[in-house]
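Below is one structure; the comments refer to it alone.
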Amino acid sequence: MRIGVVTFPGTLDDQDALRAVRAAGGEGVPLWHADADLHGVDAVVLPGGFSYGDYLRAGAIARFAPVLAPIVAAAQGGLPVLGICNGFQVLCESHLLPGALSRNAGRQFLCLDQRLRVENAETAWTRDFAAGQEITIVLKNGEGCFVADPETIARIEGEGRVVFRYVGGNPNGSYADIAGICNDRGNVVGLMPHPEHCIDPLFGPSTDGVPFFTSILHTLVAA
C-alpha cells in the first residue's frame, strides 16, 4: 500500500512519517507541495512542522498549495488522510475538519510526553486501538489549542467524532480536552500529538504510534 507524505516549505517531520509508514510495512511515497496530482497513493499523511513559516496562521498558506486541491477532492471522496500537528492545522484551514487551532493557553511552546485516551477506534487510522485505551504520544507545538463554537463542539461530540482526548491534564487549553477529531466518514483524522515519533523503543516514550500506521494498512487491505 502506497502512503503519500507531503512536504511543504517548513515541514519538519516528513522523513519521520515516511519512516513510520515503512516500519509498519507500507510504501512511503514523498509528495511535494507543488505536485498537481497524488501519484496514485492510497492514503496521505500531512506531517508536522511550520509550513510556509506559519505566516498569517499555522496552516493558512498551506491550504492554497497546489497539492491540496487533489487531496481535498480525494478526501471528500473517501481517501484516508491523517494530519499530524501542522497537518491537523492544515486540515482545519482546508475545511476538511471543523474548528481551528489557536495559541496554547499560557502562550508557551510545549514539548512533552502526553497521555491520551482513544475515544473512537473506528476510523481508518485508529482501528488497531481499542476504545477507551490510554496511550502516550509525544506532543510539541505552540498552537495546539483546539477551539470551535459551542454548536460545533456539541455536534462532533454527539457524532462520536472526538478521536483522542487529553488525560492527566489538558496541556494547551483545548476545548473539552480534545486532542484529535475526524470527519463524518472517519477517513480524515487530525491530531496534535506526533505518532510518527513513537514507533521505536529507542526513541520517544512508547511505541504507541505504531497502530496509527498499521491501522491504515489494515483498512486499505480490507477495502
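The values are calculated or read from the model by the stated rules, or taken from the named source; none is laboratory data. What you see is a predicted model; the values in this text were computed from it and never measured. Positions of Cβ are generated from backbone atoms using ideal geometry, with glycine treated the same way; all protein chains shown enter the neighbour counts. Only protein heavy atoms, including side chains, enter the accessible area calculation; ligands, DNA and RNA are left aside. Shrake-Rupley method; radii C 1.70, N 1.55, O 1.52, S 1.80 Å.
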Count of residues meeting criterion [surrounded by fewer than 22 Cβ atoms within 10 Å (Cβ to Cβ), touching a Ser or Thr at 6+ places or on another chain (Cβ under 7 Å) and in a loop (DSSP other than H, G, I, E, B)] in the range 121-142: 2
Residue in the range 164-178 that is closer than 19 Å to L79 by Cβ, in contact (Cβ under 8 Å) with a residue 24 or more places away in the chain and either open to solvent by 20 Å² or more (accessible area, probe 1.4 Å) or not in a strand (DSSP E or B) (or both) present: no
Residue match in the range 104-116 (condition: at positive phi and open to solvent by 30 Å² or more (accessible area, probe 1.4 Å)): yes
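Can you say whether A60 is assigned to a loop (DSSP other than H, G, I, E, B), among the hydrophobic types (A, V, I, L, M, F, W, C) and touching a helix residue (DSSP H, G or I) at 6+ places or on another chain (Cβ under 6 Å), as far as the supplied structure shows?
For A60, the condition - assigned to a loop (DSSP other than H, G, I, E, B), among the hydrophobic types (A, V, I, L, M, F, W, C) and touching a helix residue (DSSP H, G or I) at 6+ places or on another chain (Cβ under 6 Å) - is met.
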The range 207-223 residues that are closer than 19 Å to V5 by Cβ, paired with ones that are among the polar types (S, T, N, Q) and surrounded by 17 or more Cβ atoms within 10 Å (Cβ to Cβ) (beta carbon under 9 Å, 6 or more apart): P211/T126; F212/T126; S215/T123; S215/T126; T219/T123; T219/N187
Scan of the range 69-119 for residues that are in a loop (DSSP other than H, G, I, E, B) and in contact with a Ser or Thr (Cβ under 8 Å, 6 or more places away or on another chain), ordered by number: P80, P98, G99
Of the criteria (1) over 21 Å from D200 (Cβ atoms); (2) in contact with a Ser or Thr (Cβ under 8 Å, 6 or more places away or on another chain), which one G49 fails: (1)
Looking only at the range 184-207, and only at residues there that are outside any strand (DSSP E or B) and open to solvent by 40 Å² or more (accessible area, probe 1.4 Å), the one that is nearest to G77 (Cα to Cα): R185
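Yes or no, residue by residue, for (1) out of contact with any Gly (no Cβ under 6 Å at 6 or more places or on another chain); (2) in contact (Cβ under 8 Å) with a residue 40 or more places away in the chain; (3) among the basic types (K, R):
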position	(1), (2), (3)
G59	yes, yes, no
A65	yes, yes, no
A73	yes, no, no
F88	no, yes, no
E93	no, no, no
Candidate set from the range 41-65 (those that are in contact with a Leu (Cβ under 8 Å, 6 or more places away or on another chain) and open to solvent by 30 Å² or more (accessible area, probe 1.4 Å)); member that is nearest to V188 (Cα to Cα): D42
Filtered residues of the range 66-90 (kept if out of contact with any helix residue (DSSP H, G or I) (no Cβ under 9 Å at 6 or more places or on another chain), surrounded by fewer than 22 Cβ atoms within 10 Å (Cβ to Cβ) and either on the phi < 0 side of the Ramachandran plot or among the hydrophobic types (A, V, I, L, M, F, W, C) (or both)): P66, A69, P70, A73, A74, Q76, G77
Hits in the range 144-160 (condition: assigned to a loop (DSSP other than H, G, I, E, B) and surrounded by fewer than 22 Cβ atoms within 10 Å (Cβ to Cβ)): A148, D149, E159, G160
Considering residues of the range 1-28 that are more than 24 Å from C92 (Cβ to Cβ) and in a strand (DSSP E or B) only, the residue most open to solvent (accessible area, probe 1.4 Å): E27
